[in-house]
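J.: Quick one: the structure is below, and I'll ask about it shortly.
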Number of protein chains: 8
Amino acid sequence: MEGRASMTEDAMNWTVYLSGEIHTDWREEIARDAEALGLPVLFCAPVTDHAASDDCGVAILGPEPDKVWHDRKGALMNAIRTRTLLEKADVVVVRFGEKYRQWNAAFDAGYAAALGKPLIIVHGPEHAHPLKEVDAAALAVAERPGQVAAILDYVINGRLPG
Amino acid sequence: MEGRASMTEDAMNWTVYLSGEIHTDWREEIARDAEALGLPVLFCAPVTDHAASDDCGVAILGPEPDKVWHDRKGALMNAIRTRTLLEKADVVVVRFGEKYRQWNAAFDAGYAAALGKPLIIVHGPEHAHPLKEVDAAALAVAERPGQVAAILDYVINGRLPG
Amino acid sequence: MEGRASMTEDAMNWTVYLSGEIHTDWREEIARDAEALGLPVLFCAPVTDHAASDDCGVAILGPEPDKVWHDRKGALMNAIRTRTLLEKADVVVVRFGEKYRQWNAAFDAGYAAALGKPLIIVHGPEHAHPLKEVDAAALAVAERPGQVAAILDYVINGRLPG
Amino acid sequence: MEGRASMTEDAMNWTVYLSGEIHTDWREEIARDAEALGLPVLFCAPVTDHAASDDCGVAILGPEPDKVWHDRKGALMNAIRTRTLLEKADVVVVRFGEKYRQWNAAFDAGYAAALGKPLIIVHGPEHAHPLKEVDAAALAVAERPGQVAAILDYVINGRLPG
Amino acid sequence: MEGRASMTEDAMNWTVYLSGEIHTDWREEIARDAEALGLPVLFCAPVTDHAASDDCGVAILGPEPDKVWHDRKGALMNAIRTRTLLEKADVVVVRFGEKYRQWNAAFDAGYAAALGKPLIIVHGPEHAHPLKEVDAAALAVAERPGQVAAILDYVINGRLPG
Amino acid sequence: MEGRASMTEDAMNWTVYLSGEIHTDWREEIARDAEALGLPVLFCAPVTDHAASDDCGVAILGPEPDKVWHDRKGALMNAIRTRTLLEKADVVVVRFGEKYRQWNAAFDAGYAAALGKPLIIVHGPEHAHPLKEVDAAALAVAERPGQVAAILDYVINGRLPG
Amino acid sequence: MEGRASMTEDAMNWTVYLSGEIHTDWREEIARDAEALGLPVLFCAPVTDHAASDDCGVAILGPEPDKVWHDRKGALMNAIRTRTLLEKADVVVVRFGEKYRQWNAAFDAGYAAALGKPLIIVHGPEHAHPLKEVDAAALAVAERPGQVAAILDYVINGRLPG
Amino acid sequence: MEGRASMTEDAMNWTVYLSGEIHTDWREEIARDAEALGLPVLFCAPVTDHAASDDCGVAILGPEPDKVWHDRKGALMNAIRTRTLLEKADVVVVRFGEKYRQWNAAFDAGYAAALGKPLIIVHGPEHAHPLKEVDAAALAVAERPGQVAAILDYVINGRLPG
């Protein structure tokens, strides 16, 4: 019976923003897990095509001879997407990978924390010390992407694995 | 005629968060009453499986030998759910039962009050004095869960019982 | 084509809260006008059954011998509805009638103004001077309820009467 | 020792906005009482010279033949003062007197309530019923201005009269 | 499978407010481009019928002999629409054209910036210097309306032109 | 007696931001008037040295061959000052002069309006029509800078000229 | 040199609200410790005279035969103080003692958490499990009041004990 | 003449938070420069004693055998300081150095950006590409700490170097 009294598990979608490294397919892994569990989750993310993400500004708005402004135009354009989706998200997941500086992942974590978004941080144990301030702002710190759908399943359905 | 001028009673769902004790079936009682009255209400709640709620953190993120961190991991994970649902709620109901300290119920009431959520507090008369600060932040103080659906029916439909 | 690019007039509902006097049928007049114009408006309002509105608190939560607390219980319960709907509204209309003090109408106007809601005030010219502070917070001051649907038609569709 | 650890009573000023009727000297009465009690309170208020308040707009910005715009210019100019002081206030007192409609007093009460300001309402018992919604938003309802300084003395110093 | 896990591109509509000059058909151009690209965008805008926009206040609320108040009534009524839509928008586009002062376009840009809305500014290179403060608040500065749908396509779908 | 009960006129400073054209000495005129009246006002303003304001970015952070980025660096640096002072201000005055487009003045007015700041707009009558949306967001519209100190004197002290 | 460039330790006062049990002198202990350390802290607290706190409402506003309303009047009046000081505080400390339900302590903790205030919770290890949700919202969990001044000394001066 | 009309340069202090690497004396360099320029700036910063910052949690609240919780306790305690000072700051400076991951610097930048704080980022040109998203959120990007005081001198006094 539509629009009548019911418990929330059947009726609410969760929006989850997946921020962080773009060189492995961890987002797809989480989405597959979530689909297998039948979770009512809408995932969103930054543009994960590295080249497109770097060049979008100049591709649409015109070239820049100076790399700094080439980058700036792209970063600003990407911010239209990332800030909008971060603010719409119910939960923000930030993954730190093996490589690169990943300062924009930490920036997103800080941005989400200041907005009061529930944060899930994903990183290997080798990064625990340098990420301690980021982890301290999180409601869950996972080691592997494979734990994220289980967290969402518990948070949404109260269901534990196994 | 969809999307055309109409009065709100027929068209708006209310989201109601049910916080507080998890050892009796008061949530189901309210949901049954609301369903019998045909109320357009979506109820949400913390995870009410006590064991799952205590152990969710370590079950998903790995064991902790120290009980304090076992509890902390669980409480943080539960907060992903409770803070999200509290912030989405139109109305927050907090029930204080006979047993236990129920500090998290009072914590939720304070959290909801600071967010400006309309609060309905439910407790027996024997708790009136120690709950006076909590009651003073509420828009309704009921003695029994059986009064909650009647409040919602009035608030939504302007209909009084009997 | 659902979910594809389109102009807003066809796709967005407006929620309009109708605050103020409850002794004439001005709300129905506005709703009829809006329906005749096919406006995509969802109207909401306080409970307009005067007796129910006065007695709701004691009818559900138990009698009070002292009229002050009888009234307080009712006013608090009504606030669950009025504050929720005021905060959800896109536009707030407040009508001041011929009779009574109508302090709660002015209170609602102040409340809506502080929330930054677009305000439409409706009153006869004889009240212009004592309502000047309220009118100064409004985006439109109408003399008759009959002008309200025309304002909404213009605001939503850009269409002027006749 | 300046700037060293101390309890707050000695060190914090409270700002209290006195809204409402301007035909009796109730503000001076409260200020005298507060001075006699040595309260660290800074009182602020709307302009209470009725003629100046009505005519300020045209006196400074030029005359208006139409009374509605004469009033509008004045009400807007007064709002520069009243909104600024209301937002700076720690506590807002609103007094309703014997005469006039006093819609701007109720408007200020609603405005302050939406800002989350602690509200003290002052009115005689004969106005209790029509002011019930306003009183329900207050943290204290006094019958006489003479009670306001006692409330402030308790709130600031924890001191009860007598 | 409705309400199940999925990536956002297929499931979220974007609302885009198109502010600025009303003498060319740039809004229709963007809407056509967006439709051709199949973008899930809902466009909204101020009333673009210049005469209606100027006269709406007096047409509905009664004539004013003084042009200043004629204009004021209209500007206030238009603000019901523009502020509501600006606040609902995910992205705000402001176009500055060849003619007129267009102070309301710059006002809208400032308003949107203070609300934290992602801003896209559109203007010819000849206005770059006087618009430098406005551009500095934007996430994209385009020279032609024809670039706007491409920006939205990238932001929503991660797709670059050509 | 310091820190004891007193009325606000003697004890509160007002911060007033003066935005807008920088080619006449209207700010000094207002400051002189305010000083003559003994007003407790702290005025603040953007940097009014036109050349410094244009070149600050490159002067400190290094040259840019492209005028667009030269301007961007300067506009961003100026925004550190203007946004900080706008947000600290109790009242915002925006003056539109005879010359130039002055889009940043209108941008500041929109920014201040969205922050809920009381706005005073100053412009000659010849600009009334194109500035009608800006004026509609203001609490006072003056024709000459000479009226601004009189407005502040009334708002702060309740004193009318002459 | 006053008002010239300096590091913050010498120049900023911290306001710390001490919420929770009122039957031991833990507040004085913290204040003495802070004074001994020369900390630039202003402590504030609820009224800690139990009888005054219970009876303030009826003592000033008149008696109530019904204990519920006697308590309500007092709790509302105390809220003028507690909410004002909580919102002014930089840091909120909440202590849970041996006795009583202390629901208002947990309520204050929830209120402070929703406002984003840094929370320090103080309780003995025997309460760790029932307070796990409260602790999870805290930035420090101490076992004894004697640790609080050390936390403040570190937070303010970067100085560790011993 | 104290408290009388004056321009802001002489009367307002700016609070500037210096976030980022703690292995060189860049903060002292900026403070010295600011002092030499006589800037009315109050600088604040995280605790920069690396060992104290790592160990503060266990030093005060008791040891943890597991390094993860050792770090967590410290990071949470440091957050009492850093979040409070970040929120009080008028301007936030974040410096990225040569070494380490510096994720907490990027986290602070994101946190400050979401709060709407004016951001100044300092880093060498070799980090321009990986920091492009952070830089895009900034109002100034400097290469050397030596440029920061010059920015503040311009922002506060309108004075350019040399």
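The values are calculated or read from the model by the stated rules, or taken from the named source; none is laboratory data. If you're wondering where the values come from, they're calculated on a predicted model, not measured in any experiment. Note: ideal-geometry Cβ built from the backbone for every residue, glycine included; neighbour counts use all protein chains shown. Each accessible area value is taken on the protein alone, full model and side chains, heavy atoms only, with ligands, DNA and RNA left out. Shrake-Rupley method; radii C 1.70, N 1.55, O 1.52, S 1.80 Å.
J.: Answer rounded, prolate or oblate for segment E:72-120, using the Cα gyration tensor with square roots of eigenvalues a ≥ b ≥ c: rounded when a/c is under 1.5, else prolate when a/b is larger than b/c, else oblate. Intermediate values should be presented prior to the final figure.
T.: On the way: a/c = 2.15, a/b = 1.08, b/c = 2.00.
The shape class here is oblate.
J.: Hey, what does the equivalent ellipsoid look like for segment H:89-151, semi-axes from the Cα gyration tensor as sqrt of 5 times each eigenvalue, largest first, whole Å? Mind dumping the intermediate values first?
T.: Values: eigenvalues 53, 42, 21 Å².
Each semi-axis is the square root of five times an eigenvalue, giving 16, 14, 10 Å.
J.: Next question. What accessible area, summed over both chains, is buried at the G-B interface (1.4 Å probe, Å², nearest 100)?
T.: Working: alone 9970 and 9980 Å², together 16890 Å².
About 3100 Å² of accessible surface is lost on pairing.
J.: Still on this structure, I have one more. Aspartates and glutamates near A:Lys99 by alpha-carbon distance under 18 Å, same-chain residues fewer than 8 away left out - which ones?
T.: A:Glu21, A:Asp25, A:Asp49, A:Asp54, A:Asp108, A:Glu126, A:Glu143, H:Glu98, H:Glu126, H:Glu133
J.: Next up: Within 10 Å of each Cβ in peptide E:113-119, how many partner chain Cβ atoms are there on average? Round it to a whole number, please. Mind showing how you got there, number by number?
T.: Values: counts 6, 14, 4, 5, 4, 9, 1.
The mean count of partner-chain Cβ atoms within 10 Å per residue comes to 6.
J.: Mean shadow of the protein assembly as shown, computed from the convex hull of its alpha carbons, in nm²?
T.: Working: hull surface 179.0 nm².
Averaging across all directions leaves 44.8 nm² for the Cα convex hull.
J.: Within the set B:Lys88/C:Lys73; E:Lys117/G:Lys88; C:Lys132/D:Lys73; D:Lys88/E:Lys73; C:Lys88/D:Lys132, which residue pairs have Cα atoms separated by over 20 Å?
T.: On the way: B:Lys88/C:Lys73 26 Å; E:Lys117/G:Lys88 29 Å; C:Lys132/D:Lys73 9 Å; D:Lys88/E:Lys73 31 Å; C:Lys88/D:Lys132 23 Å.
Beyond 20 Å between Cα atoms: B:Lys88/C:Lys73; E:Lys117/G:Lys88; D:Lys88/E:Lys73; C:Lys88/D:Lys132.
J.: Take peptide H:123-131, look around each residue's Cβ out to 10 angstrom, count Cβ atoms belonging to other protein chains, and average those counts. Mind dumping the intermediate values first?
T.: Details: counts 1, 0, 2, 0, 2, 4, 7, 6, 6.
Per residue, the number of nearby Cβ atoms from other chains is 3 on average.
J.: Mind checking the per residue accessible area of segment H:88-142 for me, 1.4 Å probe, whole number of Å²?
T.: Result: 28 Å² per residue.
J.: Let me ask something else. Radius of gyration and Dmax for segment A:46-108's Cα atoms, expressed in Å?
T.: 12.9, 40
J.: Using a 1.4 Å probe and counting only protein heavy atoms, arrange D:Tyr100, D:Tyr154 so the residue with the most accessible area comes first. Don't skip to the end; give the middle numbers.
T.: Details: D:Tyr100 135, D:Tyr154 0 Å².
If we order D:Tyr100, D:Tyr154 from most to least accessible, we get D:Tyr100, D:Tyr154.
J.: Could you tell me what percent of the accessible area of segment H:25-119 is made up of carbon and sulfur, with a 1.4 Å probe and every protein chain present?
T.: On the way: 1600 of 3240 Å².
That share works out to 49 percent.
J.: Give me the angle, in degrees from 0 to 90, between the Cα long axis of helix H:103-114 and the longest principal axis of the Cα atoms of chain H, rounded to the nearest 10.
T.: 50 degrees
J.: Given the alpha-carbon gyration tensor of chain H, what are the semi-axes of its equivalent ellipsoid in whole angstrom, ordered largest first, with each equal to the square root of 5 times an eigenvalue? Working shown, then result.
T.: Values: eigenvalues 185, 78, 39 Å².
Largest first, chain H gives 30, 20, 14 Å.
J.: For segment C:1-152, give the magnitude of the charge dipole about the Cα centre (Cβ charges: +1 Lys/Arg, -1 Asp/Glu; no others), in debye to the nearest 20.
T.: Numbers: 15 positive and 23 negative charges, 75 e Å.
Using Cβ point charges on Lys, Arg, Asp and Glu, segment C:1-152 gives about 360 debye.
J.: How high is the relative contact order of chain D, given as a whole-number percent (alpha carbon pairs under 8 Å, six or more residues apart)? Intermediate values should be presented prior to the final figure.
T.: Numbers: 212 pairs, mean separation 40.3, N = 162.
Dividing the mean separation by the residue count of chain D yields 25 percent.
J.: Excluding ligands, DNA and RNA, what is the solvent-accessible area per residue of segment F:16-85 at a probe of 1.4 Å, expressed in Å²?
T.: Working: 2410 Å² over 70 residues.
So segment F:16-85 comes to 34 Å² accessible per residue, rounded to a whole number.
J.: Now for a different question. Based on alpha-carbon centroids, what's the gap between segment D:30-109 and segment A:78-106 in Å, whole number please?
T.: Cα centroid of segment D:30-109 versus Cα centroid of segment A:78-106: 48 Å apart.
J.: Quick one: in chain B, whose Cβ comes closest to the B/D rotation axis, and how close in angstrom?
T.: Residue nearest the B-to-D axis, with distance in whole Å: B:Gly116, 4.
J.: Given the rule -39500 (n - 2.57) for each run of at least 4 DSSP H residues, summed and divided by the residues of chain F, what is its mean residue ellipticity at 222 nm, to the nearest 500 deg cm²/dmol?
T.: Working: 6 runs with 72 residues, N = 162.
Result for chain F: -14000 deg cm²/dmol, rounded to the nearest 500.
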